[in-house]
1. Considering region 189-217 alone, what residues qualify as being more than 14 Å from the chain's Cα centre (by Cα) and under 14 Å from residue 91 (Cα atoms)?
2. Of the residues 162, 116, 205, only one is closer than 24 Å to residue 80 by Cβ, in the same structural domain as residue 63 (by TED's automatic domain parsing), modelled with pLDDT of 95 or more and in a strand (DSSP E or B); which?
3. Which of the residues spanning region 171-223 are out of contact with any helix residue (DSSP H, G or I) (no Cβ under 8 Å at 6 or more places or on another chain) and acidic (Asp, Glu)?
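The values are calculated or read from the model by the stated rules, or taken from the named source; none is laboratory data. Everything numeric in this text was worked out from a predicted model, so none of it was measured. Note that we place each Cβ from the backbone using ideal geometry, even for glycine, and neighbour counts take in every protein chain shown.
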Amino acid sequence: MANILSQEEVDSLLGGIDEGSVETESDVPEIDGAIGLYDFGKKSSPGHLSLPGLGMINERFINFLNESLPGTIGLSTDVSVDEIDSIKFGDFCRSLPVPTSLNIFKMEPLKGFALLVFEGWLVFAFVDAMFGGKGVSHVKLEGRGFTAIEQKIVSRIVDIVLVDLQKAWAEIKDLKMVYTRSEMDPQFAGIAKPTDMIIATKFALNIGNFTGGMTICLPYDVIEPIGEKLKENYRSEKFEADPVWKQHIKKKIQELDINLKCTLGRIKITGREFLEMKVDDVLLTGQKVDDPIVVSVGDLNKFKGHVGSMNNKKAIRIADKI
């Protein structure tokens, strides 16, 4: 309480200010730098670099999609992340050509809508592949929309993508991806206000001989309730332990071609004997008929077996492991 001025001291101080006996700072300090306008209605960008959880989701999504798409379109696919950008929704829409396949969906229980975008050329590549082609198209894109058949094929692809996207998000939060509707003109895909910020993740899809773009747009308002989870660092072990990913690796390994060979016998001959060798000559290997032969995988001796025949073809029966 000793630091509190009495009324008499306050009156004396004020009187000194009026008389000029007490010095005060009268100059207003200058502000360095230019003064700019600030839009309080503008939402700040989330910045994809601060969302490591989104990176983990994209990795899982890519692997799910690389496994599910080939069985539907009939061609091998290679999906990868092309770029991730934080952009105003209006600017994103203005960058899209017409027609573009715009597929609106919900991420229940989150409020609002998200957007799945296929480039027009990618749609035609899907159609070409599913009708037995190599994933290319010579259809003129400008000045036309998508036919009923093309839209039906896109609908099948959308179903696959949303299922895989739902599985990819399960590590962060259990969400249900619910398809709502499709559009071809960006001005009708009103999932957000033109000034609202979105996270646009563009994926490159290599299908046969064609590479096209697919983009997933997430309005920041939609994912804001789980923003803290997306900012968490997810260890790679969690992804590596994913049973689906393990099954994917196992399947790919099982599809690899392996060079399997068997050695009937070995013999050493001189250079003269080799030069004098002719048709109908018989080489004695020293290998008895009933002796097992060595079966190799690559350069590794792995099995012992016996030579025989089956269905009028030469065959080897595996007898034992080495």
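1. 189, 190, 191, 192, 193, 194, 195, 196, 197, 198, 199
2. Details: 162 fails: in a strand (DSSP E or B); 205 fails: modelled with pLDDT of 95 or more.
The conditions single out 116.
3. The answer is 174, 183, 185, 221.
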